[in-house]
Amino acid sequence: MKLKHSTYPAVLGVFAAAVVIGGPLTANAAVPEFQAQVVAPTMQTDRMIVKYKDSKPAGKAAARLAVVGKDREAILTRAGQQFGMTMKLSHGIATGAHVMKLNKRMDLAEVQKLARDLMERDPNVEYAEPDRIMQKLFTPNDTRYNEQWHYFEATGGLRVNTAWDKATGTGVNVAVIDTGYRPHADLSGKIVGGYDFIADTFISNDGNGRDSDASDPGDNIVVGECGGGQPTQNQNSSWHGTHVAGTIAAATNNGSGVAGVAYNAKVVPVRVLGKCGGYTSDIADAIIWASGGTVSGVPANANVAKVINMSLGGGGACDTTSQNAINSARSRGTVVIVAAGNENTNASNSNPANCAGVVTVAATNRSGGRAWYSNYGTVVDVAAPGGDTSVSANGILSTLNAGTGAPGADNYAFYQGTSMATPHVAGVAALMLSKNAALTPDQIESMLKSSARAFPATCTSCGSGIVDANAAVDAAIGGGGGTTLAESEANNTTATADAVTVSGTTVNANMGTTTDTDYFLVQLPAGKTLTSVLTPGAGKDYDLFVYNSTGALIGSSENGAGAVDTVAVTNTGTGTLARYVRVTYYSGGTGATNGTYTLKLTW
C-alpha cells in the first residue's frame with residue numbers, strides 16, 4: 001500500500017444514524033416514432049434564414065433588409081457548391097433577415113453545416129440557421145385520452161404529450177414485474193415473451209408452478225384466505241399488472257381506449273404476484289431474468305428489458321436477496337423503477353423502495369401535491385401522477401379486465417397508488433432510452449431528477465419534483481454527459497468541501513501542488529450508494545478516499561499511475577448522511593494544466 005499521504009480528513013463533522021432491520025418480504029400489488037431509415041419531416045428543411053449585420057429589424061417602421069448584391073450572391077453560391085446544392089433569395093422577414101430557398105430538402109444537421117460555412121465565408125453575416133418546419137403537437141385520437149389528465153395537464157400531469165413528437169419508446173423493452181397480464185385490445189402487439197416465476201401453486205392460482213405463460217388467471221381472495229385472518233373482506237381480482245402495462249405502452253392513436261406513455265415500447269410481463277402476494281425469492285429471480293441474467297431451469301430471456309417496473313412492495317429494510325438482484329440488473333445496464341408504497345409513511349421502511357440503486361417514485365394527485373396515501377422520505381427520488389379516486393375522474397385510467405374472479409371482457413378503470421405513478425416514470429425512461437440507448441441506469445436517474453419540475457402543491461419529501469417527460473427526453477437527447485462542476489479552491493478541508501448536489505455530476509479539478517488535497521461533500525440519502533470514479537489521466541497517480549460524517553475512512557482506492565480509482569459506499573441508515581470524497585496527490589503532474597483530473601459522483 002502507498003503510504004506517502006495521510007488518509008485522515010482535516011476537519012470532522014458529527015452525525016448519527018440508526019439501521020432498521022426487517023424480516024422476509026411478502027410483496028403485494030401496490031404519432032409513430034420514425035425508424036432509423038426514415039427521417040421525420042420536422043428534421044428536414046429546404047430553407048435557410050440569413051441575417052446580415054447591415055439589416056435592421058422592424059420597429060415603428062418596417063424592417064430594413066440588407067442588399068444582397070453580386071458579392072454576397074457569389075459567396076452564397078460558393079457555400080452551396082460545397083454541399084452539392086444551390087440557394088436563392090426568397091423573401092425578407094420582420095426580423096431583418098432573408099429567407100433563402102434551397103433547391104432540395106436537406107437534414108437539419110446538413111443545413112446547420114451550410115449555415116456555419118456561410119458565416120465563415122462572409123463576416124458580414126450576423127447569423128444563419130435552418131428555417132425549421134414546425135407541426136402541431138401530437139394528440140392521440142384514443143376515445144378516452146381526454147380522461148387521462150395525468151399525461152397532459154400542466155398542473156399535475158406528466159407533460160408527456162409534449163414529448164411524443166420526439167420519442168415514443170421504439171426499440172425499448174420494459175419488464176413489468178407484477179401479476180402478469182390479460183390479453184387486451186389496447187395491448188395488442190405490445191406484449192413480448194414473458195415468464196411466470198410463481199413457484200407456489202396456491203399463490204399462482206393457475207394449477208402449476210413456473211412456466212412460460214405469464215397471463216394473469218386472477219388473484220381474488222376471500223376472508224382469511226391469506227392467513228392470520230387476512231383479508232378481512234373478500235377482494236376481487238385486481239388485474240394489477242394489466243393496468244400497469246397499459247400506462248406504460250397501451251396502443252395509441254388507434255381510435256379507441258387509452259394511450260400509453262411509451263406507446264411504441266414493448267412490455268415483457270413477468271409474473272411474480274398472485275393470491276396473497278408473492279415471495280422475494282421469485283421476485284429476485286424475475287429481476288435477474290428480465291434484465292438478461294441467467295436463472296437455473298428457466299430459458300434465456302429473448303426480450304431483455306432495459307427498464308424494470310416494480311409496482312410492488314413490503315415492509316422492512318432492503319434484504320440482501322433483493323439488493324443483490326437489483327445490483328445484478330444494474331450491472332447489465334437495466335434501470336429499476338419502484339413504487340414508494342401506499343402507507344402514508346416514511347418509505348425508508350418500504351422494500352424495495354429503500355434498496356440502493358433504484359429509482360423510487362412517490363405519487364401526486366391532480367393538483368400536483370402528495371397523494372394522501374403516498375409514502376415519502378429521503379429514499380424517494382421523484383414523484384409522478386398516482387391519482388386520487390375519491391373522485392373517480394381524478395384517478396389513473398388504464399387497461400383492465402372486467403372479471404371479478406376469473407378473466408372476463410376487456411375494460412378500463414381508474415386506479416390510484418404509487419403503483420400507478422411508477423409506470424409513468426418507467427414509460428419516461430423508455431422514451432429516454434429510445435433516443436439515447438447508451439444511457440446508464442445512473443444517468444437515467446440523474447436526468448429524471450435534474451429535469452423534474454417543481455411541485456405546484458405541497459409534497460414534502462417527495463424527491464426532486466414531478467417527472468417532466470418532455471424535459472427528461474430533452475436531457476436524454478442532449479447526451480449522457482450529465483452535470484459538470486468546476487472545483488473551487490481552497491477545498492482542502494471538510495469544512496470547505498465543494499458540495500455536489502446532483503447525482504451524475506462530473507467534477508473538473510486539478511492537483512495544484514504535490515501537497516494538494518481536494519474534498520467534495522455529498523449528502524447521501526438513506527439507502528443510496530455513492531459511487532466515486534477518479535480519472536487522473538496518463539502518468540498521474542492520484543488516490544481516492546471516502547469518509548463518513550464522523551471522519552472515519554469507509555472506502556479507498558490507491559491504484560497506480562494512469563489507473564482509474566473507484567469507490568462505492570452505501571448509506572444503510574434511515575436518514576441522509578454526509579459523505580466526504582477526498583482526492584490526494586501521490587505522483588505525476590500538478591497545476592491547472594498538468595494536474596487535471598475528473599471525479600464523477602453518482603448515487
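Name the residue, out of Ile75, Ile49, Ile93, Ile21, that is within 30 Å of Ser281 (Cα to Cα) and either β-branched (Val, Ile, Thr) or at pLDDT below 90 (or both).
Numbers: Ile75 fails: within 30 Å of Ser281 (Cα to Cα); Ile49 fails: within 30 Å of Ser281 (Cα to Cα); Ile93 fails: within 30 Å of Ser281 (Cα to Cα).
Only one candidate qualifies: Ile21.
The one condition from (1) at negative phi; (2) in a loop (DSSP other than H, G, I, E, B) that Ala362 does not meet is (2).
Evaluated against (1) closer than 30 Å to Val222 by Cβ; (2) within 24 Å of the chain's Cα centre (by Cα); (3) not polar (S, T, N, Q), Gly274 falls short on exactly one condition, (2). Being in contact with a strand residue (DSSP E or B) (Cβ under 8 Å, 6 or more places away or on another chain) and either under 30 Å from Ile308 (Cα atoms) or not in a loop (DSSP other than H, G, I, E, B) (or both) is a property that Ser549 lacks.
Could you run through the range 371-399 and say how many residues are surrounded by fewer than 24 Cβ atoms within 10 Å (Cβ to Cβ) and in a strand (DSSP E or B)? Here the count works out to 1.
Filtered by the rule that a residue be of a type outside the set (A, V, I, L, M, F, W, C), in a loop (DSSP other than H, G, I, E, B), more than 29 Å from Lys435 (Cβ to Cβ) and in contact with a Lys or Arg (Cβ under 8 Å, 6 or more places away or on another chain), the range 163-218 gives Thr179, Gly180, Asn205, Asp216. Just one residue in the set Ile248, Ile337, Ile288 is farther than 30 Å from Phe152 by Cβ and aliphatic (A, V, I, L, M); that residue is Ile288.
Filter the range 59-95 for residues that are of a type in the set (Val, Ile, Thr) and touching a helix residue (DSSP H, G or I) at 6+ places or on another chain (Cβ under 7 Å); which is farthest from Met119 (Cα to Cα)? Out of the qualifying residues, it is Thr86.
With aliphatic (A, V, I, L, M) and under 26 Å from Val473 (Cα atoms) as the only criterion, which of Ala393, Ala457 stands out? Before the answer, list the steps.
Numbers: Ala393 fails: under 26 Å from Val473 (Cα atoms).
The conditions single out Ala457.
Regarding Thr458, is this residue among the hydroxyl-bearing types (Ser, Thr, Tyr) and within 26 Å of Arg182 (Cα to Cα)?
In short, no.
The values are calculated or read from the model by the stated rules, or taken from the named source; none is laboratory data. Bear in mind that the values here come from a model prediction, so they are computed numbers and not experimental data. Ideal geometry is used to build each Cβ from the backbone, glycine not excepted, and the neighbour counts take in all protein chains shown.
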